[in-house]
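The values are calculated or read from the model by the stated rules, or taken from the named source; none is laboratory data. What you see is a predicted model; the values in this text were computed from it and never measured. With ideal geometry, Cβ positions are generated from the backbone for all residues, glycine too; neighbour counts draw on all protein chains shown. To get the accessible areas, we keep the full protein, side chains included, count just its heavy atoms, and leave off ligands, DNA and RNA. Shrake-Rupley method; radii C 1.70, N 1.55, O 1.52, S 1.80 Å.
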Amino acid sequence: MDRYHEMLMFEALSERPSLAAAARRLDVSGATVVRAIARLEARLGVALLQRSTRGVSLTESGAAFMADCSRILKGIEEAEASAKGLHVQAQGNLTVLLPHLFSRYVMTPLLTTYLEAYPEVKVFAHYHDRYPNMNEEGLDVAVLVGNLPSSSLIARPVGYVRMIVCGSPAYLEAHGAPAAPEDLKHHRLIGIQAYREKINWDFSTQGIQTTIKARPRVSCTTVQAALDAAAYGAGLTRCLSYPAYDYLHGGRLIRVLEPFELPALPVHVVYREGRKAAMRVRSFVDHIVEGLREHPAMMPDALQALAPPSAD
């Protein structure tokens, strides 16, 4: 058996590390898969699978080799599709990385309309707030918040977000709005990192960054919980502007200390191959770039204009 078929056998374990499932996926016997993996391990001189009474799992070397196999096999598939004239059609698997909370607040409508327009594409969405190694992780597209390091990736800007402080109308009416960051020490604060005795919130005062350290009244493990607590009047919280968009737009939260916010953070849609990218990648990038550029959550300074008028 050549190396290509051995890689196919190993890559079949990507969806679920089960030799029996991989065999069914490839329509071969379990013994065939076992022999192929054994040959790979012998030739590479490393263990790719860790076997136990509970089944098999990938070793660290196996996970790295899996990412390489997936990338190489995907390239072969795309080359054959291009030769057959299929490169102009969006089809196949698409792996994307999105920031946390993008699914609920921004991306779900865009993903839905994309899947309706391109029914032959299957999207695998991962949610992490970090800068990925797209080649090693086999990612096709990523939405990244923040300044990008220098790289060979293609990056298309779609907007920006800010770190904002907000509270409910009822809380601000009862306790007043802070006029400067120092005033936060006299307010009820909602932290987003649980089990920390103090919060550290950064601000910009006349171009100089300052940090406010204070004890939170409430500490939450998620942004969602902190926003809900703030909306019910528990205090002031600080987060990126896009998860707070619905709350601000609906009037449940009000943004404060705007003059002291840190500089805006750019948001980019990033991918690898540029014009050589498969149609599924190019179609997805074009679709979400257009949608994100039109989404008001990507223009946080327009939120004030979108908020409903007060009852006064």
Report task. Mind listing whichever residues of the stretch 4-37 are without any contact (Cβ under 8 Å) to a residue 24 or more places away in the chain and under 34 Å from the mean Cα position of the chain (by Cα)? Result -> Ala12, Glu15, Arg16, Ala20, Ala21, Ala22, Ala23, Arg24, Arg25, Leu26
Query - Complete set of residues in the stretch 152-171 that are in a helix (DSSP H, G or I) and surrounded by 21 or more Cβ atoms within 10 Å (Cβ to Cβ) - result: Tyr171
Query raised in the report: Restricting the search to the stretch 100-132, which residues are modelled with pLDDT of 85 or more, closer than 14 Å to Ile288 by Cα and open to solvent by less than 30 Å² (accessible area, probe 1.4 Å)?
Result: Met107, Leu110, Leu111, Tyr114
Query raised in the report: Considering only helices (runs of 4 or more DSSP H) fully contained in the stretch 38-140, which possess at least 2 residues that are assigned by the TED database to the domain that holds Val289 and under 18 Å from the mean Cα position of the chain (by Cα)?
Result: 108-117, 134-137
Requested in this report: Search the stretch 181-234 for residues being open to solvent by 50 Å² or more (accessible area, probe 1.4 Å), in a helix (DSSP H, G or I) and touching a strand residue (DSSP E or B) at 6+ places or on another chain (Cβ under 8 Å), and hand back the single one that is farthest from Tyr171 (Cα to Cα).
Outcome: Glu182
Query raised in the report: Of all the residues that make up the stretch 202-227, how many are out of contact with any helix residue (DSSP H, G or I) (no Cβ under 9 Å at 6 or more places or on another chain) and under 20 Å from Phe102 (Cα atoms)?
Result: 5
